[in-house]
Amino acid sequence: MTIGSFALYGLGLIVVLTIAAWIVKRVAVVVAPSDYAYILKTAPLTAWFGMVVIFIYVMLAVLAPVFAPFSETAIVASEYEPWGAPYYLGTDSLGRDMLSRLIFAARNTVGIAFLTTLLAFFLGGAMGLLASTLGGWIDQIFSRAVDVLMAIPQLIFALLLLTIVGTNVVNLILVIAVLDSTRVYRLSRAVAMNVVVMDYVEAAKLRGEGLGWLIRREILPNITAPLIAEFGLRFCFVFLTISALSFLGLGIQPPTADWGSMVRDNATLITFGDPTPLMPAAAIALLTVAVNFVVDWMLHRSSGLKD
Amino acid sequence: MQLILKMILQRLGLGLFTLFVVSVIIFSAVELLPGDLAQEILGQSATPETVAAFRHELGLDKPAIVRYMEWLGGAATGDFGKSLANGREIAELIGTRLANTLLLAAYAAVIAIPLAVGLGLLAALYRNTWFDRSINIFTLSSISFPEFFVAYILILWLSVHAGVFPSIANINESTPLWDRLIRMFLPALTLTLVVTAHMMRMTRAAIINLLAAPYIEMARLKGLPPRVVILKHALPNALAPIINVIALNMAYLITGVVVVEVVFVYPGLGQLLVDSVSKRDITVVQACCLIFAVVYILFNLIADVLSIATNPRLLHKK
């Protein structure tokens, strides 16, 4: 496996995915009901590329045991076997099947990143909405606390907290979720602030609606578009942070298959000119690019920018 | 001038306060440690006497506020105490590593800033052409790539395949400067690729934002060539956001070095931090975090002050 053929495979994969995205777009425009057809038709090819890639990742993650030829942790051969059946991508530093671990890692890494983002959103979104709706000293306390938390660089703060609580998956999810919720707080507070001052919110307050109604029925529906786009962006950041921590050996712990630590464990191969350890890293990059493409399109649509 | 001075002093005051709060957070990290630090380190089998002696040695028997003052006073004079893992002076561990990390960040900055601003200007000048689009796709993907991916691609390509640069940046005090720069080239290039994208996009956005302004239209209608419009009319007014984003990216560089240092086995502060986290060597982690946080806050402060200072509206009072 040389670097040239590796790059060629990568290009080939991108071309195949682009063609797939083009075909899916054609089919979707015909099949979709007319209300949606226009939106789907105006979506650029990059957005379709992103959606196709995300769909493939989700399928791989959900159906990992079906696709993977071997189990996640089983040692099936000697270490660093070359490419070839039945180990299509060779074996890793302990003799585990590379392809199977790559597929299982889709489930672990993406799943954990998704869960963390979800948690960060519930936490940051709830706090942001409360702060903007209630205002006053609650807003002040939350905002100043977030200011202080954001004054420390995120990766450094995460490392400090992980030293204290110890490195395992639950702690990892909690630490990253709390640190990332500060960014979600900033955004949800800012967009909710614009809605809180609207007349219909005032009217709802005057009719005596409670806090829950105000947030769920009056404010939330009006800020979903920027929040969903932000979810995509935050997912990318969380995903990259978790991968970086796993790469440093401080994130998802062995023997769980995970893209970050797979790169770290097999990095020796790179110095011999074998690019196989780059595949997990490429998997990370491909998903982040895909999510970014979709988010770009959504932001473009919701902002109505034409430039 | 009065107004601008007042605003800058306000920012400095706020920055000092942030530094204080951050130091409290980093210090209290140990207090939050579940259980007792001494017990944790010595293990369950330690006798109460050894634990007490160890606590005394670390100063854990004093009240937290006294310890905080001592820790902060020590840190300000370069004395961070001793490592829990091997008992060495932390100042000794950090010394050259801090200089190495700053050198690497500066190296990357020297390459990245002219590159990013230049590309940003070109992208704004040739907006919506194939040049602009390809730069856009390139930057969007380099933001999405994990740092270690970029680093290993560079190693594979420039080190293993082409053999131009070494893949391991092992430098020490006796390494001559030229040799150093060669060995540090790949880590610096990795950092450059990571930060250039953001800076370049912001430069482009800042310039394009201004292109809709009436005075730019006027300049165009006068018949000035686009190059002059951008360099003479748009750039001076876009300077504030550009300087701001450069300073913020320098702050990012300081923390971005962590992963890159590990990949290239570069003897910097980031590697020390990662090693200490896996050993749970809390005093070293504290010291490293404090240094990183201080540098980060300083750069944010510089960004703030510079963006005030470059705003011409604040220079002339109405």
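The values are calculated or read from the model by the stated rules, or taken from the named source; none is laboratory data. All values reported here derive from a predicted model rather than from experimental measurement. Virtual Cβ from ideal backbone geometry, glycine too; neighbours counted across all protein chains shown.
Cβ contacts < 7 Å: first residue farther than 18 Å from B:Ala112 by Cβ, restricted to segment B:173-185; second residue part of a helix (DSSP H, G or I), any location; separation 6+ or different chain. Result?
B:Glu173/B:Thr96
In segment A:147-173, what count of residues is obtained for those that are more than 7 Å from every other protein chain (Cβ to nearest Cβ) and without any contact (Cβ under 8 Å) to a residue 40 or more places away in the chain?
9
Being of a type in the set (S, T, N, Q) and under 20 Å from A:Asp92 (Cα atoms) is true for just one of A:Thr288, A:Thr271. Which residue is that?
Criteria check complete, one pass: A:Thr271.
In segment A:192-217, what residues are surrounded by fewer than 15 Cβ atoms within 10 Å (Cβ to Cβ) and part of a helix (DSSP H, G or I)?
Listed by number, the residues that qualify are A:Asn194, A:Asp199, A:Tyr200, A:Glu202, A:Ala203, A:Leu206, A:Leu211, A:Gly212, A:Trp213, A:Arg216, A:Arg217.
Filter segment A:237-276 for residues that are facing another protein chain (nearest Cβ under 9 Å), within 21 Å of the chain's Cα centre (by Cα), assigned to a loop (DSSP other than H, G, I, E, B) and of a type outside the set (A, V, I, L, M, F, W, C) and give the result.
Matches in segment A:237-276: A:Gly249 only.
Return the only residue of B:Pro241, B:Pro226 being out of contact with any Pro (no Cβ under 9 Å at 6 or more places or on another chain), in contact (Cβ under 8 Å) with a residue 60 or more places away in the chain and surrounded by fewer than 18 Cβ atoms within 10 Å (Cβ to Cβ).
Of B:Pro241, B:Pro226, the one residue that is out of contact with any Pro (no Cβ under 9 Å at 6 or more places or on another chain), in contact (Cβ under 8 Å) with a residue 60 or more places away in the chain and surrounded by fewer than 18 Cβ atoms within 10 Å (Cβ to Cβ) is B:Pro226.
Mind checking which residues of segment B:137-152 are surrounded by 22 or more Cβ atoms within 10 Å (Cβ to Cβ), of a type in the set (Gly, Ala, Ser) and within 7 Å of chain A (Cβ to nearest Cβ)?
B:Ser144
Quick one: A:Trp22 ticks every box in (1) exposed (fewer than 11 other Cβ atoms within 10 Å of the Cβ); (2) within 19 Å of A:Asn292 (Cα to Cα) bar one, so which box is it?
The one condition A:Trp22 does not meet is (1).
Scan B:Ala99, B:Ala116, B:Ala106 and give me the residue that is farther than 27 Å from A:Leu245 by Cα, at pLDDT 85 or above and more than 14 Å from chain A (Cβ to nearest Cβ).
B:Ala116
Sort out which residues of segment A:99-143 are of a type in the set (Phe, Trp, Tyr) and in contact (Cβ under 8 Å) with a residue 60 or more places away in the chain, and write them in order of number.
A:Phe104, A:Phe114, A:Phe121
Mind checking which residues of segment B:166-182 are in contact with a Ser or Thr (Cβ under 8 Å, 6 or more places away or on another chain), under 26 Å from A:Phe6 (Cβ atoms) and either crowded, with 18+ Cβ neighbours inside 10 Å or more than 14 Å from chain A (Cβ to nearest Cβ) (or both)?
B:Ser167
Only one of B:Leu119, B:Leu103, B:Leu72 is under 24 Å from B:Tyr252 (Cα atoms) and over 20 Å from the mean Cα position of the chain (by Cα). Can you tell me which?
B:Leu119
Filtering segment A:219-267 down to residues that are free of Cβ contacts under 8 Å to residues at least 12 places away in the same chain and within 30 Å of A:Met198 (Cβ to Cβ), which residue is surrounded by the most Cβ atoms within 10 Å (Cβ to Cβ)?
Ranking the qualifying residues of segment A:219-267, first place goes to A:Thr224.
Quick check: is even one residue across segment A:205-214 within 20 Å of A:Ser246 (Cα to Cα) and more than 14 Å from chain B (Cβ to nearest Cβ)?
no
What tally of residues in segment A:1-18 results from selecting those that are surrounded by 12 or more Cβ atoms within 10 Å (Cβ to Cβ), within 24 Å of the chain's Cα centre (by Cα) and free of Cβ contacts under 8 Å to residues at least 60 places away in the same chain?
The qualifying residues number 4.
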